[in-house]
Each structure stands twice: as structure tokens, then as C-alpha cells.
Amino acid sequence: MARRDVDADPVVPADAQSVEPPTINDMGVPDRCLSLTVRADWGHFRRVDRTVTKQTYRLPPRTTIAGMLAAMVGSSRDSYYEMFAPEVSAIAIEPLGTIRTVTEPMLGLSTNPDEHFENAGGTGQKTVKASYPDSTSNRQLHSYELLVDPAYRIDVAVEDEEFYRALAHRLKTGTTHYPLSMGLSEYLAWVEFHGERTVEVCDDEVVKVDSAVPGGVESVVPHEGVRTHVERMPSFMEADERGRRTTGFDDYTFTTDDSAISVRSGSVVPSQISDRSVIFG
């Protein structure tokens with residue numbers, strides 16, 4: 001688990017000024033990236049198309065990964081969305097090991113502020129007013145679908161100089177500004193940094209990739225014994241008058257048993273990072 005640096009500001013230290021940010025070409029492939037692994041005992045990435053049942057995505061959505069990296073750097077809420085826009089950022093997601101889930105019933109208080117909240121303190125204008133759930137009201141039983149021992153290899157590149165340098169510094173020093181979690185705050189995560197890697201575009205017509213395939217379902221070449229899954233997940237956000245809103249979704253194709261996926265180059269661009277093949281999205 002990364003050591004929390006509670007006194008640090010989200011700025012680039014002097015010794016990190018020499019780090020050069022990557023360049024992302026017209027195909028969405030960077031010339032280099034930062035490579036890391038994120039692990040936890042448990043995880044939950046709530047599906048946006050579910051309300052009563054708390055089902056989870058099998059992969060962390062791109063927007064979630066952006067939030068985790070921004071938390072590591074120390075960026076404030078709603079301040080980092082432009083840094084992860086599709087033209088100036090690239091992220092590859094690779095599930096490690098077998099993706100396994102369990103269902104766990106949990107009791108919780110209602111969070112409807114119009115029905116089950118109590119107020120205490122001042123008026124909220126000149127004095128502080130606190131709102132909190134009524135602990136004497138009945139609990140609600142929800143079934144949560146949880147990821148068991150989730151682990152993901154993340155390759156990330158952003159063209160924003162200050163953010164990239166600050167992120168590289170955090171990863172190299174093993175520190176984080178805010179605690180990292182795997183979806184929910186209870187499921188603390190730890191990070192292993194693999195260094196900065198050079199990225200090269202693959203020229204082969206058919207490539208076996210280790211990562212999930214974003215936005216290229218039609219490019220996947222079926223193979224006997226390789227079972228693929230597709231999930232539609234939020235990929236991009238922007239700030240608005242209410243805080244934030246999702247502006248883009250992508251269909252991610254992946255396997256749950258650590259098998260490689262064969263893809264046909266064209267609508268997707270496979271890339272080589274050391275001995276791994278990935279697709280950025």
C-alpha cells in the first residue's frame with residue numbers, strides 16, 4: 001500500500017521537473033507511458049445501469065482509473081477531467097489472474113436526505129449545519145456483488161506536463177496524497193510501480209493482446225477455448241454546473257481467465273510495451 005503523504009501539495013517537486021511528458025499520436029497511442037499494478041482484497045465498481053441490485057463491473061472503468069490517479073497526485077474533485085480527455089490521454093487496462101465475484105448482503109442506512117436525515121448545529125449560513133442519517137431508523141438490506149482479490153495492470157499516459165510529472169513522482173516514491181481504494185473506500189488498494197515504458201505500434205495484421213480491448217468488439221478474432229466478455233463502461237467525464245457528467249462510453253472486451261485476446265488491426269491499434277501487447281483507449 002502506498003504511504004500517504006498528508007502534508008504534500010499536488011505540485012511537481014523540483015527533482016521531477018526533468019521528466020518529459022509523452023506525446024499521443026492521431027491513433028491514440030503514446031510514445032511512452034507509466035506502468036503500474038493496482039491490487040486489493042476486495043473491489044466494487046458499481047454499474048451505472050443498476051439501481052436496486054449493486055452489481056459491479058469486472059474492470060475498473062476508465063473514469064475510475066482517472067479518479068484513482070488524480071487522488072494519488074492530489075487533484076481536487078472535478079479538476080482533472082480535461083487531463084483525461086481522449087485526445088490528450090491514453091489508458092490500457094489488463095486484468096491479472098482470474099476475475100472472480102461473490103455476492104454479499106449488507107445492511108445500511110437510507111441516504112435519502114428528504115426522508116431519513118437529521119440536522120444538527122447552526123443554520124448553514126453563518127454557522128455550521130450538519131446532516132446525517134437517522135441511526136434509529138430501519139436498516140435496508142442490499143446485496144453487493146464484490147470482486148475477490150482484484151488486480152489490474154494499468155498503462156497510462158497524459159500530455160499534461162504538471163500532472164504527468166507529479167504522477168511519476170508519486171509512483172517512484174511510493175506515496176499518495178489521498179488513500180486509494182478499489183471502488184469503495186472500505187477496500188483500500190496498494191500500488192506496484194513498474195517504471196516508465198516505451199510504446200511501439202504493432203504492425204502485424206492479427207495480434208494477441210494481454211489487455212482489454214476498448215471500442216473494438218468487431219476486431220476480436222474468436223478462438224476455441226478463449227471465452228470473451230463485453231461490458232459497456234463510462235470512459236470520459238466533464239465538469240458542469242452540478243459537478244460532473246459522463247460524456248462517453250466504450251465497450252470493453254476482455255477475458256476472465258488471464259487468456260490473451262486475438263484482435264485484427266484496423267479499428268483498434270495494438271501496441272507493444274516490453275513483452276506485452278495492449279490496446280490504449
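Any read-out appearing in this document is the output of simple, stated calculations on the displayed coordinates, not a laboratory observation. Note that the coordinates shown come from a computational prediction; the quantities given were computed from them, not determined experimentally. We place every Cβ from the backbone using ideal geometry, glycine too, and count neighbours over all the protein chains shown.
Tabulated data for the structure shown
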{"item": "Whole-number percent relative contact order across segment 160-281, with pairs defined as alpha carbons under 8 Å at least 6 apart", "result": "31"}
{"item": "Tail weight of P(r) past 32 Å, computed on alpha-carbon pairs of the chain, percent", "result": "29"}
{"item": "Gaussian network model of the chain, springs between alpha carbon atoms under 10 Å - residue of 122, 195, 74 with greatest fluctuation", "result": "122"}
{"item": "Positive-end residue, the chain charge dipole about Cα centroid, Cβ charges, pick of 30, 191, 168", "result": "191"}
{"item": "With at most 14 other Cβ atoms within 10 Å, longest stretch of the chain clear of loop trypsin sites (Lys or Arg not before Pro) (DSSP)", "result": "140-226"}
{"item": "Mean residue ellipticity (222 nm) of the chain, computed from DSSP H runs ≥ 4 via -39,500 (n - 2.57), nearest 500", "result": "-3000 deg cm²/dmol"}
{"item": "Under DSSP loop assignment and at most 16 Cβ neighbours within 10 Å, longest GluC sites (Glu not before Pro)-free interval of the chain", "result": "1-86"}
{"item": "Segment residue 244-residue 256, extension gain: residue separation times 0.36 nm, minus the distance between their alpha carbons", "result": "1.2 nm"}
{"item": "Computed E for residue 27/residue 136 - FRET, C-beta separation, R0 51 angstrom, nearest 0.05", "result": "0.30"}
